[in-house]
Amino acid sequence: MSNYVELFHRLDALLVKNRHFWQFMPFAERGFVWQQNLPFCQWLMALDDDQLQMLGNDIYALTAALMPWIEDAEELTQLTNEIPPLVRTNISIPQGFDSGVPGRKWQQITAFNEVLPSLGIPWLEWCAGKGYLGRVLAISHQQPVTSLEWQQQLCVDGRDAAKQLGLNINFIHADAFSADSDNAINCQQHAVALHACGDLHVSLLQRVVAKKGAAVSISPCCYHLIRQAHYQPISAVAKTSALVLSKHDLRLPLQETVTAGNRVKQLRFVEVSFRLGFDLLQRELSQTDNYLSVPNVQKALLTQGFEAFCRWAAAKRGVSLPADIDFDKWQQLGEKRFRITERMELVRQLFRRPLEIWLALDRACFLEEQGYEVVIGTFCDRPITPRNLLIHAERRDFTDL
């Protein structure tokens with residue numbers, strides 16, 4: 001049994017055992033889902049906003065705070081630390097290569113490049129955009145790059161930039177899900193994808209394996225962007241798991257608590273509490289207990305007050321509002337529900353990174369099963385990007401091909 005299979009089993013057991021703490025939709029619940037554990041709910045409600053923000057920004061503080069209530073909290077966080085930082089090689093990139101690239105994106109690209117081994121073979125850049133990563137690969141490793149991208153204008157822009165920089169980059173305009181994209185993959189090639197979403201990076205792994213590609217390196221992102229209603233595991237070991245993951249579940253690894261200004265926090269409080277208050281109102285009117293989603297709203301409408309929001313939302317969703325509604329009552333209930341929802345989301349944060357690593361391990365185990373040597377690590381610090389996991393795989397016999 002490989003170390004990754006063993007780690008997967010350990011994480012999987014804890015996620016399954018504790019799924020009542022994370023596998024639900026807080027905004028669809030009337031109140032705490034752990035009503036039977038009254039002391040836990042009382043402790044959560046006693047947290048003030050400053051404590052809530054502090055715990056949301058510090059996983060170790062959150063772990064310590066939840067240990068009296070969730071017996072596996074410490075082990076869950078410890079298991080995430082078994083994914084180590086990858087060793088970075090300082091690579092100097094000439095001036096001008098970062099033209100048009102936002103600063104943080106450039107940091108991500110260079111950090112990603114600095115942990116990739118030079119295997120002396122051509123590169124395939126999957127979902128390339130304008131080929132920002134491809135530029136860095138071409139100049140750093142002195143190997144040709146094939147950049148596959150489905151938006152034609154991005155191909156044109158990328159091709160022009162590569163020509164101007166004198167780089168050997170060939171752009172292919174193709175849909176990553178189409179059979180045409182298979183033609184871009186060959187066995188003597190190192191395929192890469194930096195933050196390709198959901199099924200896009202899974203498709204790359206499956207196609208590289210099918211073509212017996214020499215190496216592949218990906219940093220997964222946006223796990224919820226899948227074509228099926230539920231997550232489809234790709235490794236044999238993950239297919240044995242009792243977890244069934246919805247698109248909502250798959251959003252959990254992407255949810256980061258960020259420090260926002262008071263204005264932004266207040267605006268979010270108003271909008272979310274309005275939505276939750278309207279939802280309680282429509283449940284009362286319809287005599288059902290089903291959550292009703294509401295479309296995106298123009299922020300200017302929020303300044304007109306809760307009643308105006310309710311009338312707008314009712315019109316959007318075909319809800320008939322009687323004349324005698326006590327809007328103040330439903331607004332206050334929405335604000336109370338907001339506090340409960342925020343605290344349920346805080347508890348779910350404990351499981352954010354464990355679930356992300358579970359998903360990465362599914363990909364790693366799949367590659368191991370297909371004859372690849374695999375390494376998982378982090379390629380940068382979380383402030384540069386929280387999506388900092390990198391999976392690198394080399395075919396065990398690729399040097400003999």
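The values are calculated or read from the model by the stated rules, or taken from the named source; none is laboratory data. Just so it is clear, the model here is predicted, and its values are computed rather than measured. Glycine also receives a Cβ, built like all others from the backbone with ideal geometry; neighbour counts cover every protein chain displayed. Accessible surface areas use protein heavy atoms only, side chains included; no ligands, DNA or RNA. Shrake-Rupley method; radii C 1.70, N 1.55, O 1.52, S 1.80 Å.
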remark   = Sorted by chain and then number, the residues having a modelled amide H within less than 5 Å of the amide H of ASN170, at least 5 places away or on another chain, are VAL145, THR146, SER147
ask   = Measuring from label point to label point, each 7 Å out along Cα→Cβ, what is the LEU280 to ASN37 span in nm?
value = 2.4
task = Divide by every residue of the chain the summed helix terms, -39500 (n - 2.57) for each DSSP H run of at least 4, and state the resulting mean residue ellipticity at 222 nm, rounded to the nearest 500 deg cm²/dmol.
result = -14500 deg cm²/dmol
ask   = Taking a label point 7 Å from the Cα of ASP49 along the Cα→Cβ vector, which residues of the range 325-350 have an amide N closer than 12 Å to it?
value = 339
query = Are there chymotrypsin sites (Phe, Trp or Tyr not before Pro) in the range 166-250 that DSSP puts in a loop and that have at most 15 other Cβ atoms within 10 Å, and which ones?
reply = PHE177
key: Extension reserve of the TYR60-ASP381 stretch, reckoned as 0.36 nm per residue once the Cα distance is removed   = 114.0 nm
D_trans [Stokes-Einstein, Kirkwood Rh over alpha-carbon pairs] for the chain, 25 °C, 0.890 mPa s, µm² s⁻¹ = 104
ask   = Under 5 Å between amide H atoms, partner at least 5 residues away or on a different chain: which partners does VAL319 have, H built in plane at 1.01 Å?
value = none
remark   = The rounded separation in angstrom of the Cα centers of the range 161-202 and the range 48-121 is 25
remark   = Computed from the beta carbon distance with a Förster radius of 51 Å, FRET efficiency for HIS248 and LYS211 to the nearest 0.05 stands at 0.90
key: Length gained when the stretch GLN228-ASP180 is fully extended (0.36 nm per residue, less Cα-Cα span)   = 15.1 nm
key: Number of Lys pairs (Cα under 29 Å; 8 or more positions apart or on different chains) in the chain   = 27
17 Å reach of a label modelled at THR303, 7 Å along Cα-to-Cβ, counting backbone N of the range 266-297 = 266-271, 297
task = Could you give the DSSP H helices of the chain that reach 15 angstrom or more along their long axis (alpha carbon positions) and whose average Kyte-Doolittle hydropathy is no lower than 0.0?
result = 3-17, 198-210
Per DSSP, loop chymotrypsin sites (Phe, Trp or Tyr not before Pro) in the range 242-328 with at most 16 further Cβ within 10 Å = TYR291
ask   = Which whole-number value in Å² is the accessible area per residue of the range 234-279, probe 1.4 Å?
value = 49
task = Starting from the range 1-81, pick out the trypsin sites (Lys or Arg not before Pro) whose DSSP state is loop and whose Cβ has at most 16 other Cβ atoms within 10 Å.
result = ARG30
note = For the chain, the percent of accessible surface on carbon and sulfur atoms (probe 1.4 angstrom, ligands and nucleic acids excluded) is 50
